[in-house]
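The values are calculated or read from the model by the stated rules, or taken from the named source; none is laboratory data. What you see is a predicted model, and the numbers here were worked out from it, not measured in a lab. All Cβ positions, glycine included, derive from the backbone under ideal geometry; neighbour counts span all protein chains shown.
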């Protein structure tokens, strides 16, 4: 039989963790205060730098190579876990729960680890599991098991999502010349909106945000001000429409159902390359000139960006 798909639309990563040293996987907690204690050798591969694929090209007529791009490989995380039931009579139930949580599944879900007050999480799948059926397990119900996960995306993410949003730029009201002239101090009216938004990735790895464009607007775009990198789509959005750009999956979907990847303009960068670098980044939301004439009581177009801080 093919492996079953794991349901991943459940509680957020790390929602069950209460103590340092705990690991949450598939709704099960490992570590202090549980029946599944982490062995003294501890977790391996969690904070290590993953293997790297290099695009370096050897120089044919001199020493060394021309430096190319570097791309990280998948992350492999291994945990030695003691199955320690409170009573030998509970050994079968403890082992069964552990086996169920570490069964074969095709879908990824969150592997969350808390160390020194910081909880980070990776999307992962179990790749290996061993549970010795030795004399200690037979007589005491205890066993030193080992479980290994593979994280196709090696980045570790914060457990909390962050979201920022902005509307289109609007002009200032300016001076009112119609009410008996001007008097000092001058009243320039309420300041207009800039259409700019700032996002902070507090990690040390680039993050792939999910971007939403809300109508009514035509030809929405979002531009990174530091280098002019832009995503832009030649599409007219009605007031109820939402165009969702997932830069991690490389998808562009209208109202959660229909792909609109083909609407990307010639100026638009590939979605997978539109990343949120570590630190602070500023973006500008724009549209086709004259495609929206706002007013009080009318739906207002907006762009939002959602991400998790990313760490190597």
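The combined condition, being more than 19 Å from residue 26 (Cβ to Cβ), assigned by TED's automatic domain parsing to the domain that holds residue 73, surrounded by 18 or more Cβ atoms within 10 Å (Cβ to Cβ) and modelled with pLDDT under 95, is not fulfilled by residue 86.
Residue by residue through the stretch 129-141, note down the ones that are surrounded by fewer than 17 Cβ atoms within 10 Å (Cβ to Cβ) and in contact (Cβ under 8 Å) with a residue 40 or more places away in the chain. 139, 140, listed by residue number. All conditions but one from (1) under 20 Å from residue 309 (Cα atoms); (2) in a loop (DSSP other than H, G, I, E, B); (3) at pLDDT below 95 apply to residue 71; the one that does not is (2).
Residues that are more than 18 Å from residue 281 (Cα to Cα) and in contact with a helix residue (DSSP H, G or I) (Cβ under 7 Å, 6 or more places away or on another chain) were ranked within the stretch 224-244; the one that is surrounded by the fewest Cβ atoms within 10 Å (Cβ to Cβ) is 234. Mind checking which pairs have a first residue in the stretch 47-65 that is free of Cβ contacts under 8 Å to residues at least 40 places away in the same chain and a second that is surrounded by fewer than 10 Cβ atoms within 10 Å (Cβ to Cβ) and assigned to a loop (DSSP other than H, G, I, E, B), Cβ under 6 Å, 6 or more apart or different chains? Sorted first by the residue in the stretch 47-65, then by its partner, the pairs are 55/69.
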